[in-house]
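Single-structure report; data block below.
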Amino acid sequence: MEMTSVEPTNAVWETLDVSEAREYVGVATDEFLAGLPDPARLTTERRRGIIARYTAVLEGNFIYWMTGAYLSTKTDQARSIILDNLREEIVDCHPGMMRRFAIAAQAVPAEADAAEVYSDLSNVRLFVGRLSSVQMVLMMAFFEGLIQKFMPYLADLAARQGSKDMEYTDVHGVCDIAHTAGLFRALDAEAAVSPLDSQSDPYDGVHLLKTLLETIVHGGGRSSNAA
C-alpha cells in the first residue's frame, strides 16, 4: 500500500489580547467620528442621503449580523450576552423604530441609496457568513460602541430635516453603552477558547464595517465635501 505523507502545518495560534483590541477599535471609532462632515454645511439632500443609507443598512441587517455573532460563538457566556441583545432588538422592534426615524426625517431609503451601499454591505455579509467567532464578536463590539457615539450626530441631521421623532437615537444613545460592555465581555470569553491563526487579521470585520460606515456617511464616491 502506498503511503501518503502529510506536510506539517506552520500555523501558529495566538490568543487575542482583548485590551489591545479595545484600544484599536477605540482609535478606529475616533477616526470615523473625526471624519464626519459638519451638519450645518450639508445640503438637505446630503443630510437625507446619510440617514437613508444608514437606514438601508441597519434596518434589515443588524439582527442578521448579531445572529451571525450568536451562531459563531462557542461559550455559554458569549451566547447569553448576545441572545439578550437580540431579544431586546426583536421585542422592542428596533427595525420599526429605525423606519419611523427615517420617515420623520423625510429620508426613507430609495433604490439609489441601497445601490450606493450594496458593494460594501455585501462584503460585510460575506464576512459574517464565515462565522469566525473572535473576529465576529469584535466587529459587533466595535459597531455598538461606535453607533452609541454616532447617535447625537444622526439626531442632529434628523432635527435639521424637521424631525421630532428621536426615539431611535435616544434609545441607542443609552442602551448601546451596556451592549458594548457586554460584547467585550463576550469577546473575553471567546478569545480564551478560540485562538487565532497568527496569519489571520483579527480586525477583518472591523475594517470592512468601518468602510461600510464611511460609505453611509460620504456616499459611494467617498467625497467628504459638503456640497
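Every number here is computed from the coordinates shown, using simple stated rules; none is lab data. Bear in mind that the values here come from a model prediction, so they are computed numbers and not experimental data. Cβ placement follows ideal geometry from the backbone for every residue including glycine, while neighbour counts extend to all protein chains displayed.
Dividing the summed helix terms, -39500 (n - 2.57) for each DSSP H run of n ≥ 4, by the number of residues in the chain produces a 222 nm estimate of -24500 deg cm²/dmol to the nearest 500. Every pair of different Cα atoms in the range 118-181 enters the Kirkwood calculation, which places the hydrodynamic radius at 13.3 Å. Model label sites at Ala192 and Leu126, defined 7 Å from Cα along the beta-carbon direction, differ in position by 3.5 nm.
Nearest 10 degrees, 0 to 90: what angle lies between the long axis of helix 111-129 and the longest principal axis of the chain (Cα atoms)? Helix 111-129 sits roughly 20 degrees off the main axis of the chain. Contact order for the range 96-227, expressed relative to its length and based on alpha carbon pairs under 8 Å spaced 6+ residues apart, stands at 39 percent.
Taking the Cα centre of the chain as origin and assigning +1 to Lys and Arg Cβ atoms and -1 to Asp and Glu Cβ atoms, the resulting dipole is close to 860 debye. The trypsin sites (Lys or Arg not before Pro) of the range 116-161 meeting both criteria, a DSSP state outside H, G, I, E and B (loop) and at most 14 other C-beta atoms within 10 angstrom of the site's C-beta, are Arg130. What percent do you get for the relative contact order of the chain when only Cα pairs under 8 Å and 6+ apart count? Once divided by the residue count of the chain, the mean separation gives 38 percent.
Full extension of the chain segment joining Ala159 with Gln106 gains 18.0 nm, where the gain is 0.36 nm per residue of separation less the Cα-Cα distance. Relative to the longest principal axis of the Cα atoms of the chain, the long axis of helix 167-193 makes an angle of roughly 10 degrees.
Taking amide H as placed 1.01 Å from N in the peptide plane, the amide H of Leu196 sits under 5 Å from that of Glu14, Thr15, Leu16, each at least 5 places away or on another chain. Within the range 74-209, the ratio Rg/Rh, alpha carbon atoms throughout and Rh by Kirkwood, equals 1.01. Springs join every pair of Cα atoms under 10 Å in this Gaussian network model of the chain, and among Val57, Val91, Val108 the largest mean-square fluctuation is at Val91.
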